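Laboratory data are not the source of any read-out in this text; all were calculated from the coordinates shown. None of the values given here were measured: they were computed from a predicted structure. Please note: Cβ atoms are built from the backbone with ideal geometry, for glycine as well, and neighbour counts cover all protein chains shown.
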Amino acid sequence: MKRCLHRAAVLHFLDDPSRDAENSYEYFPDGALVTEGGKILAVGEAAPLLARFADDCEVREHPHALLLPGFIDTHIHYPQMDIVGAHGEQLLQWLDRYVFPTEAKFADKSHAKQVAQRFLQELLRNGTTTALVFGTIHPESVDAFFEAAEAFDLRMIAGKVMMDRNAPDYLRDTAQSSYEDSKALIERWHGRGRARYAVTPRFAPTSSAEQLDTAGRLLQEHPGVYLHTHMSENLNEVAWVEELFPHLDHYLHSYDDAGLLGRRSVFAHCVHLSDDEWRRMAATESNAAFCPTSNLFLGSGLFPLHKAEHYGVNVGLGTDIGAGTSFSLLETIDEAYKVQQLQGHSLTPLKSFYLATLGGARTLDLEAELGNFQAGKEADFLVLDLAATPLLERRLSLCQSLFETLFVLSTLGDDRVIRETWILGQQRHHRDRVADTSLSL
Ligand code: GUN
Ligand code: ZN
């Protein structure tokens, strides 16, 4: 495949800025990214890369732009796209009133396919190139999702919800049927192209201990698949888990007993964990998804990022659509900053952009494949328009440093900033030419 050199400012991360901020990133104000065959070939200052490659490749100039690795959303529900902005409830009532009726519609595969396509287009419009995604209880919802993702060439991780109690009849499976359905989906999708499977019990209140054990068995029988669930999001949920599992000393124990913790396990929210639970998360290399817009929208609480850092637990950012209120990781970063401010901590923009890119890749154990511009990684990247709105252009022109530029970008930025989204070296979204680049499946 043809080589392409993209010239613009370029930023990517090599490590977590909390450890060693100076050496955690590379920034080239007049930089270049060279791709070939869907992979990164080189990154650096434009002048030497032009001298080395210009004779033998297409050169694309991106004015007023910043190139970043694609954003990674570590917790999102594709079926809940249609209930973003559902008024008036906290978690448990919100599930009953809005989520379950909407998810019931995914028994119909054509509905699922249509929503999956729209959802993926929305991800691309917002610069999200990889995500960890909830389906519904229906295996068809996962087939529809992976079929759509395959057509866009996207690296996606998804799974069928497992839920055998405390849910409406029309949305319940059993330990046995969830085992069989998940196993068939793993065999069909895990490792096919860029698709990966996540065993997905909704949360402890809607799975019996037997079903959680079943999830553990699936993980054991299929090394490399992920575990994706919710934990300790809302205080009423935490109290309910105490009632349902009276013999356990804390929420995390319900998952730990079933063998669900590990480096490919992602627990969304983790707002109300005890210190013991944080320690156990760290000891098992489990990951937390920080979902600020969702936690604010449902009134769930404030994610203690400082505790996760203190205990050495890996964190990614999640939009948690549809409890979250934006697909945009830029807007998610903006709210993450405010959530930390409310706890007396000031999240640095370097850390935020790390979380949205390499930190997300680490959370999903995909660092070998993507997350930054190291040679050989998959060429999923974004062209951000630094003059996307008059206010952004004016405010950025007053910035004196990369630190300030990134902070203003995340404070004022949203989907309008994402000028282009490239997947495996191919342009899959152009903000100003949506009709030309959207796929018809
Ligand atoms: N806990 C259990 N299910 C859900 C869900 O669909 N969304 C959120 N935010 N929390 C949950
Ligand atoms: Zn969720």
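Remarks
- 3J(HN,Hα) from dihedral phi, the range 70-76, Karplus parametrisation 6.51/-1.76/1.60, rounded to Hz, x for glycine, proline: x, 6, 10, 9, 8, 6, 7
- Whole-number percent relative contact order across the range 236-395, with pairs defined as alpha carbons under 8 Å at least 6 apart: 16
- The range 99-208: relative contact order as a whole-number percent, Cα under 8 Å and 6+ apart: 27
- For the range 230-351: Kirkwood Rh in Å [reciprocal of mean 1/r, alpha carbons]: 14.6
- Counting only Cβ charges, +1 for Lys and Arg and -1 for Asp and Glu, the dipole size of the range 188-339 around its Cα centre is about 800 debye.
- When the Cα positions of Thr363, Leu347, Ala336 are compared along the charge dipole of the range 333-378, Leu347 comes out farthest toward the positive end, with charges on each C-beta of Lys, Arg, Asp and Glu.
- Packing-based order for 30-38, 151-159, using average beta carbon neighbours within 10 Å, highest first: 151-159, 30-38
- Pairs spanning more than 23 Å between alpha-carbon atoms, out of Lys113/Lys160; Lys160/Lys307; Lys307/Lys338; Lys39/Lys113; Lys2/Lys113; Lys2/Lys351: Lys160/Lys307; Lys39/Lys113; Lys2/Lys113; Lys2/Lys351.
- Under 5 Å, built H, 5+ apart or other chain: amide partners of Tyr25: Leu14
- For the range 3-63, the fraction of alpha-carbon pairs lying more than 19 Å apart is 33 percent, rounded to a whole number.
- Between the helical axis of 235-244 and the longest alpha-carbon principal axis of the chain there is an angle of about 40 degrees.
- Its Cα centre serving as origin, the range 308-387 has a Cβ charge dipole (Lys and Arg +1, Asp and Glu -1) of approximately 240 debye.
- Cα-based shape type of the range 121-217, given that a ≥ b ≥ c are square roots of the gyration tensor eigenvalues and the cut on a/c is 1.5: prolate
- Projecting the alpha carbon convex hull of the chain along each direction and taking the average yields 19.9 nm².
- Structure-based [θ]222 nm, the chain - -39500 (n - 2.57) summed over DSSP H runs of at least 4, per residue, nearest 500: -10000 deg cm²/dmol
- Shape class for the range 172-246, computed from the alpha carbon gyration tensor (a ≥ b ≥ c): prolate, with a/c not under 1.5 and a/b above b/c.
- Convex hull volume of the Cα atoms of the range 38-149, normalised per residue: 151 Å³.
- Taken about its Cα centre, the chain carries a charge dipole of about 820 debye when Lys and Arg each add +1 at the Cβ and Asp and Glu each add -1 at the Cβ.
- Relative contact order %, the range 11-55, counting alpha carbon pairs below 8 Å whose residues are six or more apart: 25
- The share of alpha-carbon pairs in the range 264-328 lying farther apart than 13 Å comes to 58%.
- Ellipsoid semi-axes in whole angstrom, largest first, where each is sqrt(5λ) of the Cα gyration tensor of the range 300-441: 25, 21, 16
- Rounded to 5, percent antiparallel among DSSP beta bridges of the chain: 45
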